[in-house]
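**Student:** Structure incoming, see below.
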Amino acid sequence: KLNTKKQSLPLWLYNVAGRSHLYGVAAASATALMFGMNLLEIAEALKEYRPPRGYLRILKGRKDVTILDDSADATLFSMLEAIETLDNFSSKTRIAVIGDLTGVVKPEAAMRNIAVQAIKRCDILVAIGNQASIIIDEASSRGFPRQNLHSFQNSSQAAIFLRDAVKAGEIIHIDGAKELHMEE
């Protein structure tokens, strides 16, 4: 909802997941109000908002699969936020595809944290890259079913696996360092 002291209006954002987009929407709305637009005009304009490619965007895939595409880059904050959005899809089989995390001081601790959060929210966990073993080890040590853990060295191998393994109606969250070409 867009709220002012005097008005409140529902806002619809399409193909958007996660809180991070709301910060930009809030800033744009505040700026529009400063330039004299009313809430209805702002809400209508924001119907056209589409997240940038690879930044927690909702896509439709083959077999009526929903894809949470967060493949453009990977930070600890963005990965945790994207994994958290899987809670909104609890009625579907949820697959988390997690690639390496770069640019953090303690990557092993970060990947273990990501694994812990992922296994709370997904049914199948796919790990890609040099840090995949950390994710798999952490998930396995916490009792996540071994048959639902998959590890690949690169995104091409994971894409082949997912193409064959994914069933109709499932949701896939894809996130990882851009060096892994997670968009594949």
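**Student:** Looking at segment 142-167, I want the residues that are without any contact (Cβ under 8 Å) to a residue 40 or more places away in the chain and under 16 Å from residue 132 (Cβ atoms) and have a partner that is of a type in the set (Ser, Thr, Tyr) and open to solvent by 60 Å² or more (accessible area, probe 1.4 Å) with Cβ atoms under 8 Å, at least 6 apart or on another chain. Which pairs are those?
**Tutor:** Cβ pairs passing all conditions: 151/133.
**Student:** In segment 56-95, what count of residues is obtained for those that are touching a residue at least 60 places away in the same chain (Cβ under 8 Å) and of a type in the set (A, V, I, L, M)?
**Tutor:** 10
**Student:** How many residues are assigned to a strand (DSSP E or B) and over 16 Å from the mean Cα position of the chain (by Cα) if we restrict to segment 7-25? Reasoning before the result, please.
**Tutor:** Going residue by residue through segment 7-25, those that are assigned to a strand (DSSP E or B) are 8-9, 16.
Retained after the next criterion (residues that are over 16 Å from the mean Cα position of the chain (by Cα)): 8-9.
So the answer is 2.
**Student:** Could you please tell me which pairs satisfy a Cβ distance under 6 Å, a separation of 6+ or placement on different chains, a first residue in segment 1-26 that is over 11 Å from residue 58 (Cβ atoms), and a second residue that is part of a helix (DSSP H, G or I) and among the hydroxyl-bearing types (Ser, Thr, Tyr)?
**Tutor:** 2/29
**Student:** Let me ask you something else. Taking residue 59 and the conditions (1) in a helix (DSSP H, G or I); (2) open to solvent by 30 Å² or more (accessible area, probe 1.4 Å); (3) within 18 Å of residue 16 (Cβ to Cβ), which numbered condition does it fall short on, given that it satisfies the others?
**Tutor:** (1)
The values are calculated or read from the model by the stated rules, or taken from the named source; none is laboratory data. Keep in mind that what you see is a predicted model, and the values were worked out from it rather than measured. Virtual Cβ from ideal backbone geometry, glycine too; neighbours counted across all protein chains shown. Keep in mind that these areas ignore ligands, DNA and RNA; they rest on the heavy atoms of the full protein, side chains included. Shrake-Rupley method; radii C 1.70, N 1.55, O 1.52, S 1.80 Å.
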